[in-house]
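Here is the structure we will look at, set down as structure tokens.
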Amino acid sequence: MITLLLALATVQDTTIVIHADSSGATLEARALPRVVSEEVIHFYNAPGTTRLVGRTRLPRGNEWRGDVAVRNGPVVIAGRVQGKIIVINGDLLFDTGAEVTGDVIVVGGTVEDTAKARIGGEIRQYREPLLYRLRREGDELVYAPNLRRRLFNPGAHVSWGNADSRSSLTIATGGTFNRIEGLPIVFGPLFDWKLQQNFRMRVDALGVFRSAGDLSDKRSDLGYMFRGELRSGDVRPVGFGVRGFDVVSPVEDWGLHNSEIGWAAFLFGRDYRDYFLNKGWAVRAFAQPQRQIALSLELRREWQTSVANQDPWTVFRNPEKWRPNPPIDEGHFTTIAAGAALDTRNDPEEPTSGWLVRTTLEDSRSTDVTPHAGVPASVRDSIPRSYRFDRMFFDIRHYARISPSGRVNVRLVGGGWVGGDPLPLQRRLSLGGPDPMPGHPFRSSSCNAAFADSAFTDTRIAACDRVIAFQTEYRGHLKLNWSYNPSKDDRPDREERSGSPRFFWLEGLDVVVFVDAGQAWLVGNGPNRLPAGRIPRFDNWLVDAGLGVDWGGFGVYIAKAVTTGERLRLTVRLDHRF
């Protein structure tokens, strides 16, 4: 199955990436079909095309004559375009009385208010961004696919439809390779219909095949993810959604990225997460009052149970035993979750300026929870039959360019218990390496020293009530401009004349110097606990420092713990630290 998916990834131009959250998935197309990319690049590079860059507006009464391509919009048109217009990686907004005599194509963005304009040709919209690099001082584009993403998220789909409505069949990796499921594979249909102007309906019905086999005597090796969504508007959407799920969910998912978790497990048998079975339903309302602000409110009903390790095959260290997956506090939970996000970054993939702020607040209740008997009283108080707890988590990031080649990025992340009864095992936290503290061992601060029950032996369970971490880094860019094309002959100017894409392109690397600090702790009165209104003293925080190099997300780092006598540690990352 893995071989099949990797083969499909090399011949398909669009992959579907599954972003698993606590109990579901969001499906997002990650790359334009190759034929569309070539069409857009050919149009942009054509001698008769007028090329514009950045925020652009055509006022009422004005006219553009000839074909126009705008890169990195947004674009607002109130006048007349006598020809065809393509917007690359930006949004297009029409004002009343606007006119375009030719086709309208938007890639990496949305088209809004087409009813206000007269369009002489067809309208096509692709949310997937165009992957390119500039040549000849920005006068030409060259196709530059993100091979790193395609390798990390193999999959394929077949689509039908037009710009208004689409349907597709997909097969893709449904999360990360892990010691519970092996490699989960999702498969099934996806439907996206335009019901009326600026009003859409989406339905996803996906099965989940767990390649490691049956999880227990009560469960098969198949799960499912169903989602239905009604959405009004593209630029500032408002909507309502429902979903049902039978999935394996992670206990902590805020450290390493999904792809890094999966490859570490698949290659070396090192799984840096714990898991539980999660089955239930949810309803959700969401709104985006401003382009940079997103709000959501969700009601979930979940049945959460423990699951033991399977024994999936790994490339290296296959004979070694996996770290045991710890048990959880089982039961049915009803949760109300409120979420908010502010995103002012200039680029979501390679930001050099702006803020990203995300926060969630959850209120959960249960009337049939079964607390695990092996949790010591020094870690948490008893859990009542009528159970309720509140939990919050936040992630604040700031990106700033301080020189033409230098950037400073900072991050403050944390959360945990904020009220009610003690947290269940599956909602507890820890801190350590390889992320966000690469200079420290895995879960070096996890509040689990008092666990003596055999069910928790060697599990390194995360048992803290709260966690906080601060990360800062300086990135200095070095320009290299290395390339490799195995089909290129000895004539060095062949590519420049033909415009054929390089198979491999390395524009340069970032030299990264970083410092991290943080701590995890128990809340309450008694030994090794802190009152609810306090955080650990700064002289008790874990601190590490290090440096590394980052090639477009692929990074190699060395880090050293400052506050403890740990050895120098080497970490390989498949995405930016944050």
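Every read-out reported here was derived from the displayed coordinates using simple, explicitly stated rules and does not represent laboratory data. Since this is a predicted model, take the numbers as computed values, not measurements. Glycine also receives a Cβ, built like all others from the backbone with ideal geometry; neighbour counts cover every protein chain displayed.
Tally Lys and Arg at +1 and Asp and Glu at -1 over the other residues with C-beta under 11 Å from the C-beta of residue 327: what net charge comes out?
-4
Report the label-to-label distance for residue 193 and residue 116 in nanometres (one decimal), using points 7 Å from each Cα along the Cα→Cβ vector.
Label-label distance for residue 193 and residue 116, simple model: 2.9 nm.
Pull up all non-local amide H partners of residue 58: gap of 5 or more, or a different chain, and H-to-H distance under 5 Å with H placed in the peptide plane.
Hits under the 5 Å cutoff: 76, 77, 78, 79.
Between residue 297 and residue 203, what FRET efficiency follows from the Cβ-Cβ distance if R0 is 22 Å, with the result rounded to 0.05?
Given R0 = 22 Å and the Cβ-Cβ separation, E is 0.55.
With a cut-off of 8 Å between alpha carbons and a minimum separation of six or more residues, what is the relative contact order of region 252-390 in percent?
Averaging sequence separation for qualifying contacts and normalising by length gives 20 percent for region 252-390.
Return the distance in nm (one decimal) between the two label points of a simple spin-label model at residue 528 and residue 318, each offset 7 Å from Cα along Cα→Cβ.
Those two pseudo-labels are separated by 4.0 nm.
Collect residues whose amide H, placed 1.01 Å from N in the peptide plane, falls under 5 Å from the amide H of residue 271; neighbours closer than 5 in sequence don't count.
Amide H neighbours of residue 271: 323.
Suppose R0 equals 30 Å; then what is the FRET efficiency for residue 342 and residue 478 from their Cβ-Cβ distance, rounded to the nearest 0.05?
0.40
Hey, with R₀ at 22 Å, roughly what FRET efficiency would residue 359 and residue 285 work out to, going by the Cβ-Cβ distance, to 0.05?
0.80
Tell me whether region 201-334 comes out rounded, prolate or oblate; compute the Cα gyration tensor, take square roots of the eigenvalues as a ≥ b ≥ c, and use a/c under 1.5 as the rounded threshold.
Because a/c hits 1.5 or more and a/b exceeds b/c, region 201-334 counts as prolate.
Per 0.36 nm of contour for each residue apart, how much would the distance between residue 350 and residue 232 grow if the chain were fully extended, relative to their Cα-Cα spacing?
Full extension from residue 350 to residue 232 adds 39.6 nm.
Suppose the chain between residue 35 and residue 166 were pulled fully straight at 0.36 nm per residue; how much longer would it get relative to their current alpha carbon spacing?
Difference between extended and current length: 45.4 nm.
Tabulate in residue order the Karplus-calculated ³J(HN,Hα) for region 284-300, using 6.51 cos²θ - 1.76 cosθ + 1.60 with θ = phi - 60°, rounded to whole Hz; enter x for Gly and Pro.
Calculated HN-Hα couplings, in order: 9, 10, 9, 8, 10, x, 10, 4, 8, 10, 10, 10, 8, 9, 10, 10, 10 Hz.
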